[in-house]
1. Please determine, by comparing only the residues of region 147-176 that are in contact (Cβ under 8 Å) with a residue 60 or more places away in the chain, more than 17 Å from Leu132 (Cα to Cα) and among the polar types (S, T, N, Q), which one is surrounded by the fewest Cβ atoms within 10 Å (Cβ to Cβ).
2. Among residues belonging to region 37-77 that are touching a Phe, Trp or Tyr at 6+ places or on another chain (Cβ under 8 Å) and of a type in the set (Ser, Thr, Tyr), point out the one that is nearest to Ala123 (Cα to Cα).
3. Restricting the first residue to region 40-53 and requiring it to be over 12 Å from Leu12 (Cα atoms), which pairs with a second residue that is crowded, with 22+ Cβ neighbours inside 10 Å meet a Cβ separation below 7 Å and a spacing of at least six or different chains?
4. Restricting attention to region 3-36, report how many residues are touching a Phe, Trp or Tyr at 6+ places or on another chain (Cβ under 9 Å) and β-branched (Val, Ile, Thr).
5. Restricting to region 79-91, name every residue that is at pLDDT below 95 and within 16 Å of Ile44 (Cβ to Cβ).
Amino acid sequence: MNLPNKLTVGRLVLTMVFLVLATVPDPNSEYFMQCRIVAYIISIIAGFTDLLDGYLARKYKLETTFGKLIDPLSDKIFTVSCFVVLVESHIVPAWIAVLILTREFAVTGLRSLAANKGLILPAAKSGKYKTLSQMLVLLVGGSIWVQWLPQNMLIWDILLYLLVAYTVYTGIEYYVKNKNLYLDEI
């Protein structure tokens, strides 16, 4: 397994560690905020591995079929996990997380359809920007979650609405671009 693929798998492991630390049940526990801060730092590291694995794979020509399939899946698991934690903490409205989840499931479904036809659909450039945008918004949301920023910022609401619009746009774009995969199936 090459280094970019190890980073991708590492992101999955970091996501699980993040979830364990992020879901400490007792807010009155003396370790509650420390667990959140460590979880937040782990999420930043996990987000960084997404940038790094793609960069290394392209720069050193280490792109693999495994990486093309698992990297986007790992990104989805990571971002969805973070959004669900922010919904549970009342930082992100549930409808926003549902729209983001819907887009991710829809694109994964299209990739599955392509795989059944012997094709691999790599992430589109706009999808990569979408993931980067999600991670930047999660960085701000995480800062609210660990109480380093106030939640009642107008900029937070604007960031969420812009993210939703861009996320939905990239999902529609992906389906339009790959319509040949499903139009003959309808």
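The values are calculated or read from the model by the stated rules, or taken from the named source; none is laboratory data. Just so you know, these numbers come straight off a predicted model, no measurement behind them. Note that we place each Cβ from the backbone using ideal geometry, even for glycine, and neighbour counts take in every protein chain shown.
1. Ranking the candidates gives Gln147 first.
2. Step by step, filter region 37-77, then rank; the result is Ser43.
3. Pairs that qualify, where the first residue is over 12 Å from Leu12 (Cα atoms) and the partner is crowded, with 22+ Cβ neighbours inside 10 Å, are Tyr40/Gly142; Tyr40/Trp145; Leu52/Leu7; Asp53/Pro4; Asp53/Leu7; Asp53/Thr8; Asp53/Asp71.
4. 3
5. Thr79
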